[in-house]
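**Student:** Can you read through this structure? Questions will come right after.
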Amino acid sequence: SRLHDWSRVYNYAMYVRVLRAVSERHLVNQTGLLERLATFTSQRRGRGEYKWDNEEIMAHRNAVTLNETALNKLLPDQTVGKVSKIYHMKNPEAVASKDSPTSHPKFEVQFSSEYSQEPTVTWDEVTRLEQELDEYLMCQLDWAGLAPTSDAEWVVPDEYWDPVDSYRPVTVYPDPLHELQEVEEGLAIHHMVNEDASDGERAVLRALAAGGEMHYEELADESDTSSATVYRAAE
């Protein structure tokens, strides 16, 4: 109530802390959310960037930033640019225990002043900004296959937040990135049908289809092939 008329919001973010193993599987690997998000939007109108830092540890700081034009290819009525990022502490090796919440990364959506038409937001627009970020975060969790419930296996409480379920009017839109996944799966089938794969690679695929997710050494045993063949089949 005492804000000056010239006061502006230049930064706003929401995050959840994600179990490290889950984040590496769902958010930052080759078929993870950020990779699919960057690929999908880079093939359409808009502006953005994809940055990654895997120097010290995997996904030390990986981020996809999109302006309003690119974001409107994903969701309706986007009014500001946003960053989707996953990141660990600045010095990840400083974490004393693997049981510490800070050994697991944050997944965050953030208002991007650099990628918005207007670099700041007035205080009377904060509620709209908050709703937009909330919707974007919930949609991305859904697209990554992470159920947004407080008791989900991937949720990590930390010093600041003890996750609880809440009920609020947030629309979770269908995953537009699935279109890209279907194209990639179609290419994989094409290579198999056209005999681009070797007999060993086909054996790996059969074993994987029959047995489900397994360690690569186990998969090599089940398919009666080598670890190198398993890697070629995966590629």
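The values are calculated or read from the model by the stated rules, or taken from the named source; none is laboratory data. Computed from a predicted model, the values in this text were never measured in an experiment. For neighbour counting, all protein chains shown are included, and Cβ atoms are generated from backbone atoms with ideal geometry for every residue, glycine included. These accessible areas exclude ligands, DNA and RNA; they are computed on the full protein's heavy atoms, side chains included. Shrake-Rupley method; radii C 1.70, N 1.55, O 1.52, S 1.80 Å.
**Student:** With each label point set 7 Å from Cα along the Cα-Cβ vector, what nm distance links residue 221 and residue 51?
**Tutor:** 4.5 nm
**Student:** Given the protein chains as shown and a 1.4 Å probe, how many square angstrom of residue 208 are accessible, to the nearest 10?
**Tutor:** Near enough 70 Å² of accessible area.
**Student:** Hey, can you find the accessible area per residue of segment 1-154 for me, probe 1.4 Å, expressed in square angstrom?
**Tutor:** Numbers: 8380 Å² over 154 residues.
Value returned for segment 1-154: 54 Å² of accessible area per residue.
**Student:** By how many degrees, between 0 and 90 and to the nearest 10, does the Cα long axis of helix 126-143 differ from the longest principal axis of the chain?
**Tutor:** 10 degrees
**Student:** Can you work out the Karplus-derived ³J(HN,Hα) for every residue in segment 216-222? Use 6.51 cos²θ - 1.76 cosθ + 1.60 with θ = phi - 60°, whole Hz, and x for glycine or proline.
**Tutor:** 4, 5, 5, 5, 5, 5, 5
**Student:** Moving to a separate point now. Apply the Karplus curve 6.51 cos²θ - 1.76 cosθ + 1.60, θ = phi - 60°, to the phi angles in segment 29-38 and return the couplings in whole Hz, x for Gly and Pro.
**Tutor:** My calculation for segment 29-38 gives 7, 4, 10, x, 4, 5, 5, 5, 5, 5 Hz in order.
**Student:** Then there is this: Starting from the Cα-Cα distance between residue 43 and residue 124, subtract it from 0.36 nm times their residue separation and give me the gain in nm to one decimal.
**Tutor:** On the way: separation 81, 0.36 × 81 = 29.16 nm, distance 3.49 nm.
Extra length from residue 43 to residue 124 when fully extended: 25.7 nm.
**Student:** May I pose another question? Report relative contact order for the chain in percent, whole number only (criteria: Cα-Cα under 8 Å, sequence separation at least 6). Don't skip to the end; give the middle numbers.
**Tutor:** Values: 336 pairs, mean separation 45.1, N = 235.
Normalised by residue count, the contact order of the chain is 19 percent.
**Student:** Shifting gears a bit: Against the longest alpha carbon principal axis of the chain, how many degrees, from 0 to 90 and to the nearest 10, is the axis of helix 178-193 turned?
**Tutor:** With both axes taken from Cα atoms, the answer is about 10 degrees.
**Student:** In addition: So what J values fall out for segment 73-89 if you push phi through Karplus, 6.51 cos²θ - 1.76 cosθ + 1.60 with θ = phi - 60°, rounded to Hz, Gly and Pro as x?
**Tutor:** After applying 6.51 cos²θ - 1.76 cosθ + 1.60, I find 7, 9, 9, x, 6, 8, 10, 9, x, 9, 10, 10, 9, 10, 7, 9, 4 Hz.
**Student:** Which lysines have a Cα lying under 26 Å from the Cα of residue 90, excluding residues fewer than 8 positions away in the same chain?
**Tutor:** Leaving aside lysines fewer than 8 places away in the same chain, those within reach of residue 90 are 51, 82, 98, 106.
**Student:** Compute the angle between helix 199-211 and the longest alpha-carbon principal axis of the chain, please, reported from 0 to 90 degrees and rounded to the nearest 10.
**Tutor:** 60 degrees
**Student:** Same structure, new question: How large a share of the accessible area of segment 25-107, in percent, is made up of carbon and sulfur atoms when the probe is 1.4 Å and the other protein chains stay in place? Spell out each step's value before the answer.
**Tutor:** Numbers: 1970 of 4320 Å².
The C+S portion of the solvent-accessible surface of segment 25-107 is 46 percent.
**Student:** Distance in nm between label sites at residue 61 and residue 79, each 7 Å beyond Cα in the beta-carbon direction?
**Tutor:** Each label point lies 7 Å from its Cα, and together they span 2.9 nm.
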